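The values are calculated or read from the model by the stated rules, or taken from the named source; none is laboratory data. Owing to the predicted nature of the structure, the values given are computational and were not obtained by experimental measurement. Glycine also receives a Cβ, built like all others from the backbone with ideal geometry; neighbour counts cover every protein chain displayed.
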Amino acid sequence: MAAPAGTSSTRSAPLPGNSRTPDALPHFVHGVRATLASDRRGPVWNPSTGRQEREVPLATSSDVAEAVSSGEVAFLQWAAWSPLKRARVMFRFRDLLQEHATELASLIAAEHGKVLADALGELQRGIEVVEFACGIPHLLKGEFSSGVSTGVDMYSLRQPLGVVAGITPFNFPAMVPLWMLAPAIACGNAFLLKPSEKDPSCPVRLAELLVEAGAPAGVLNVVHGDAGTVDAILAHPAIQAVSFVGSTPVARHVYATAAANGKRVQSMGGAKNHLVVMPDADLDQAVDALLGAAFGSAGERCMAISVAVAVGDATADELRRRLADRVRSLRIGPSTTPGVEMGPLVTAAHHHRVAAYVALGVEEGADLVVDGRNVRVDGHEDGFFLGGCLFDRVTTSMRIYQEEIFGPVLCLVRAADPAEALGIVNGHEFGNGASVFTRDGNTAREFADRVQAGMVGVNVPIPVPLAFYSFGGWKHSAFGDQNQHGMDGVRFFTKLKTVTSRWPAATTGSEFTMPNLK
Ligand code: NAD
């Protein structure tokens, strides 16, 4: 297929997957790594060593336009393929992701800082969305009503939108892009991915593997960039829909701007997820759950538990005692060292921001039970490491409670009874996930029914829906009415068309009143 005008002169030769460009990681446009016109660049760090490993180009609006042109060319071919043929590409893509799992997880661990096992876990959750998308022939089936009137049939079908875009956060460089691109592409769209500029290498490999799986060049383009690149995407008239995941201020901006520009938009934002511990809960299970959910991935998960709400002082005292020992003994180290439970934060700037929140909590009068600010990792003194931090007696008026910290900081809030605990959860501006730990079925059922959050866990700390359900929060954690993956993903990336078809045996004459089928 012909390349879109203007691409060949700016594109570098294809590079083998593992070869590294030490100065700048290229974009990926029309099936090859491409330098394009970007002259601005951003740093990419290895958070475990604190060293800058490479630069990433920050795409200009003409770079975005070039990638969109590539997508428009690819869309014409790809959308014409049958859903079954597209599904076969998704099956091969799934196999390639599995085969390259260690390589992809290593890229994530090196640039994000999460430990290798966690990176493999994130990849697996992304692969499950590809597996869901393999069922696209079934998922795209419409409805059919035979004989809604004499000689009249009615049916609905779902058609792809065209070129659609995804803008993703640093904390899941494989899973979140796969949430979006797998359903979008399986539905027949061409997808433009703008991954986080902090860990851009894995997304480029995803695109290379999709081409290897048989997708035509341009079905998945990757342009790197920052706020300026995002604004160019939001302004581009040919982009039909934008899927965004990131922090709430940016999610609001993307939602408002994309909608004002006439685009379909889903925009997921930040979180402050609560786990309520009832007095009857199994505390061993609750403490294990809190440890993993608050400190896994150094707390840099949108579904991390950052607030434990203990019901009753006896529950709170016991929770504090057990948590304190475990938080102090977290195994902290480089992301690739076996046995490490928590790696570094993503950048030095983010490390400073999280450490500043810990200082703020002390100023605000919270009780800092475990202070992880002085942690040292031998041989990695320049890494962006922060130890686990535990605050007790946090109140809802404190900023450390109200704001998303996005680091290894757990706030313990005390509630007198279940009603107060529920009121605390529901009073927060965010509503991504919420969990309850209890042995009582009715308590759990009431909580699930009344809590104001999009994803609810009962004795499950991180209730991330599987690929065939949809992911999304409430309140200021999500803007737009369709969630990620599952049937919402298929709906978001397709337009519904309803056809009324009459094959009359004889002429029916003109009707001047509103047609009523008989
Ligand atoms: P971020 O909002 O800083 O960045 C997200 C994306 O937006 C990136 O691609 C970035 O380049 C771009 N961006 C940054 N600033 C921008 C601006 N001013 N204008 C336009 N685009 C801009 O988020 P992050 O730090 O990469 O990721 C962490 C955040 O993402 C947390 O708030 C976390 O809760 C959230 N998150 C939410 C979900 C969810 O599903 N609700 C999932 C994962 C992460």
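Mind checking whether some residue in segment 299-309 is away from the ligand (no atom under 16 Å from the Cβ) and closer than 25 Å to Gly433 by Cβ?
Taking segment 299-309 and keeping what is away from the ligand (no atom under 16 Å from the Cβ), we get 308-309.
Subsequent filtering for residues that are closer than 25 Å to Gly433 by Cβ retains 308-309.
Yes, because at least one residue in segment 299-309 is away from the ligand (no atom under 16 Å from the Cβ) and closer than 25 Å to Gly433 by Cβ.
Working carefully through the options Ala310, Ala293, find the one that is in contact with a Leu (Cβ under 6 Å, 6 or more places away or on another chain) and in contact (Cβ under 8 Å) with a residue 40 or more places away in the chain. Spell out the reasoning first.
Values: Ala293 fails: in contact with a Leu (Cβ under 6 Å, 6 or more places away or on another chain).
Going through Ala310, Ala293 in turn, just one is in contact with a Leu (Cβ under 6 Å, 6 or more places away or on another chain) and in contact (Cβ under 8 Å) with a residue 40 or more places away in the chain: Ala310.
Within segment 147-169, identify whether any single residue is free of Cβ contacts under 8 Å to residues at least 40 places away in the same chain, within 14 Å of the ligand (Cβ to nearest atom) and buried (at least 21 other Cβ atoms within 10 Å of the Cβ), and answer yes or no. No, the conditions are met nowhere in segment 147-169. Got at least one residue in segment 199-219 being within 24 Å of Ala271 (Cα to Cα) and of a type in the set (Gly, Ala, Ser)? So far as segment 199-219 goes, no, none of its residues is within 24 Å of Ala271 (Cα to Cα) and of a type in the set (Gly, Ala, Ser).
Looking only at residues in segment 251-289 that are closer than 17 Å to Gly431 by Cα and assigned to a helix (DSSP H, G or I), the one that is farthest from the ligand (Cβ to nearest atom) is Arg252. Residues in segment 335-350 that are out of contact with any Gly (no Cβ under 8 Å at 6 or more places or on another chain) and either assigned by TED's automatic domain parsing to the domain that holds Thr49 or within 16 Å of the ligand (Cβ to nearest atom) (or both): Thr347, Ala349. Within segment 201-219, identify whether any single residue is surrounded by fewer than 18 Cβ atoms within 10 Å (Cβ to Cβ) and within 16 Å of the ligand (Cβ to nearest atom), and answer yes or no. No, because not a single residue in segment 201-219 is surrounded by fewer than 18 Cβ atoms within 10 Å (Cβ to Cβ) and within 16 Å of the ligand (Cβ to nearest atom). Restricted to segment 124-178, the set of strands (runs of 3 or more DSSP E) holding at least 1 residues that are touching a helix residue (DSSP H, G or I) at 6+ places or on another chain (Cβ under 6 Å) and over 18 Å from Val89 (Cβ atoms) comprises 163-167. Taking every residue in segment 269-289 that is within 22 Å of Arg328 (Cβ to Cβ) and of a type in the set (S, T, N, Q) and pairing it with any residue that is modelled with pLDDT of 95 or more and not in a loop (DSSP other than H, G, I, E, B), at least 6 positions away or on another chain, the pairs with Cβ-Cβ distances below 7 Å are Gln285/Phe437.
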